[in-house]
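*Asks:* This is the structure I want to talk about, given as structure tokens.
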Amino acid sequence: MTSFESNKPIGIFDSGIGGLTVANAIYRHFPNENLIYFGDTANLPYGDKSADAIRYYAIKISKFLLEQNCKMIIIACNSASSAAYEVLLDFFKEKTIFVNVVDPLVDHVIEAEYKKVGVIATKATVNSNVYKQKIQAKNQMVDVVQLATPLLAPMIEEGFCNDEISHTVISKYLSDKSLNDIEVLLLACTHYPLIKKQIQSFFSSDITVMDSTDVVVDVVQHFLESKNLINTSEVNAPVFYVSDYTKSFEEATKVFYADKVELIEKSIW
Ligand code: DGL
């Protein structure tokens, strides 16, 4: 059974609130699409987990989203996109469309012809080497510097986004010498758009700071149009599932969605 029908929902998942940055971009650009979000709050942070563990979570969550008939699943997490994208394509074959958050950024780097690229991400994403491999597979001349910034996602998840603590942590990471001379910094974790202003203000304005919300919308648009999947029937309020109910997640959804969000706790293990 496939789920390629235009009135079916788009599924989006992440370990926690980070993927809400992607969900919010999708919600704003495609107000007529039905959205189902899954935050795997029971297992966050993904960034410290092994690739095998992340693959296991990603398969379970995708199965659940497919049971909800999702016509498309957006892996709104760099750690899961790097560890599990190819596995998900293989495991679920043609059952749905998978969109990851790594490829749109890689394509942007190539199109914009950057020559020195900085990447900050979780340990899982940096250890996978996915950005370096994918960028250099398209252009060997691009210098890619990857820096693990493991404190950032938990810090953001705890609500430290614009205060002394976050300022100190951000400055410490971004002062790393390896980031000298970069032209663009990729925020390769979907939590990081929540501290994008602070990151941008650390650098001079000639360094571009990019995140996946800047580019993933175009990829989603392309699939919806080319596969004739734009919803033309009724639209419902987005549905939010979490694997473990947390107050911080509920608070975070309010930042993105003015309406009261109904959080549904769902154990899928
Ligand atoms: N937001 C995720 C990412 O893009 C995961 C952060 C985490 O859970 O460690 O990598």
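*Asks:* Determine the sum of side-chain charges near residue 242: Lys and Arg each +1, Asp and Glu each -1, restricted to other residues whose C-beta is under 12 angstrom from that of residue 242.
*Replies:* -4
*Asks:* Once both axes come from the Cα atoms, what is the angle between helix 51-67 and the longest principal axis of the chain, in degrees from 0 to 90, rounded to 10?
*Replies:* 30
*Asks:* Taking the chain as a Gaussian network, where each spring joins two C-alpha atoms under 10 Å apart, which residue of 242, 109, 169 fluctuates the most?
*Replies:* Judging by the Gaussian network model, the answer is 169.
*Asks:* Can you give me the distance in nm between label points at residue 171 and residue 158, each placed 7 Å from the Cα along the Cα-to-Cβ direction?
*Replies:* 1.9
*Asks:* Then there's this: Loop only per DSSP, at most 12 neighbouring Cβ atoms within 10 Å: give me the GluC sites (Glu not before Pro) in the range 126-173, ordered by residue number.
*Replies:* Within the range 126-173, the qualifying GluC sites (Glu not before Pro) (loop, at most 12 other Cβ atoms within 10 Å) are 158.
*Asks:* Using the crude model of +1 on Lys and Arg Cβ and -1 on Asp and Glu Cβ, and no other charge, please compute the dipole size for the chain relative to its Cα centre, in debye to 20.
*Replies:* 400
*Asks:* Same structure, new question: Taking a cut-off of 29 Å between Cα atoms, list the lysines near residue 197, but don't count ones fewer than 8 places away on the same chain.
*Replies:* 49, 115, 116, 123, 132, 134, 172, 177, 247, 254, 260
*Asks:* Going from most exposed to least, what order do 103, 48, 143 have by accessible area with a 1.4 Å probe?
*Replies:* 48, 143, 103
*Asks:* When the expected Rg is taken as 2.2 N^0.38 Å, what fraction or multiple of it is the alpha-carbon Rg of the chain?
*Replies:* 0.96
*Asks:* Related question: Counting alpha carbon pairs within less than 8 Å and at least 6 residues apart, what relative contact order, in whole percent, applies to the range 141-230?
*Replies:* In percent, rounded to a whole number, it is 27.
*Asks:* Beyond 29 Å, how much of the Cα-Cα pair distribution for the range 119-269 remains, as a whole percent?
*Replies:* The proportion of pairs with Cα distances above 29 Å equals 32 percent.
*Asks:* Turning to a different aspect of this structure: Within 13 Å, Cβ to Cβ, of residue 192, how many net charges do the neighbouring residues add up to if Lys/Arg are +1 and Asp/Glu are -1?
*Replies:* Summing Lys/Arg as +1 and Asp/Glu as -1 gives -2.
*Asks:* How much of the accessible area of the chain, in percent, comes from carbon and sulfur atoms when a 1.4 Å probe is used?
*Replies:* 50
*Asks:* If ligands, DNA and RNA are left out, what is the accessible area of residue 266 with a 1.4 Å probe, given in Å² to the nearest 10?
*Replies:* 80
*Asks:* Just going by the charge dipole of the chain, with Lys and Arg at +1 and Asp and Glu at -1 on Cβ, which of 100, 32, 190 is farthest out on the positive end?
*Replies:* Among 100, 32, 190, the one farthest towards the positive end of the dipole of the chain is 100.
*Asks:* Can you give the FRET efficiency to the nearest 0.05 for residue 93 and residue 203, using r as the Cβ-Cβ distance and R₀ = 45 Å?
*Replies:* That gives a FRET efficiency of 0.60.
*Asks:* Oh, and also: Using a 1.4 angstrom probe on the protein heavy atoms only, could you order 204, 267 from most to least accessible area?
*Replies:* Most to least solvent-accessible, the answer reads 267, 204.
*Asks:* Given the Cα-Cα distance of residue 147 and residue 111 and 0.36 nm per residue of separation, how much length would full extension add, in nm?
*Replies:* Between residue 147 and residue 111, full extension yields 10.7 nm more.
*Asks:* Also, I was wondering about something else. Classify the range 84-141: rounded, prolate or oblate, from the alpha-carbon gyration tensor (a ≥ b ≥ c, eigenvalue square roots; a/c under 1.5 rounded; otherwise prolate if a/b is larger than b/c)?
*Replies:* Because a/c hits 1.5 or more and a/b exceeds b/c, the range 84-141 counts as prolate.
*Asks:* Right, something else. By the scheme Lys and Arg +1, Asp and Glu -1, what is the net charge of all other residues having a beta-carbon under 12 Å from that of residue 57?
*Replies:* Around residue 57, the charge tally is +1.
*Asks:* From the residues 205, 133, 12, which one has its Cα farthest along the dipole of the chain in the positive direction, the dipole being from +1 and -1 charges on Cβ of Lys/Arg and Asp/Glu about the Cα centre?
*Replies:* 133
*Asks:* Return the aspartates and glutamates within reach of residue 138: Cα separation strictly under 14 angstrom, same-chain partners fewer than 8 residues apart disregarded; answer none if there are no such residues.
*Replies:* Candidates past the 8-residue exclusion: 103, 107, 111, 113.
*Asks:* When ligands, DNA and RNA are left out and all protein chains stay put, how many square angstrom of accessible area per residue does the chain have with a 1.4 Å probe?
*Replies:* 45
*Asks:* Got the relative contact order for the chain handy, in percent, Cα pairs under 8 Å and 6 or more residues apart?
*Replies:* Value for the chain: 26 percent.
*Asks:* Along the three principal axes, how long is the range 174-225 when you take its alpha carbons, biggest first, rounded to the nearest angstrom?
*Replies:* Principal extents (Cα only, largest first): 43, 20, 18 Å.
*Asks:* How would you classify the range 40-116 from its alpha-carbon gyration tensor, with a ≥ b ≥ c the square roots of the eigenvalues: rounded for a/c under 1.5, else prolate if a/b is greater than b/c, otherwise oblate?
*Replies:* oblate
The values are calculated or read from the model by the stated rules, or taken from the named source; none is laboratory data. Keep in mind that what you see is a predicted model, and the values were worked out from it rather than measured. Don't worry about glycine lacking a Cβ; one is built from the backbone with ideal geometry, like all the others, and counts go over all protein chains shown. For accessibility, only protein heavy atoms count, side chains too; no ligands or nucleic acids. Shrake-Rupley method; radii C 1.70, N 1.55, O 1.52, S 1.80 Å.
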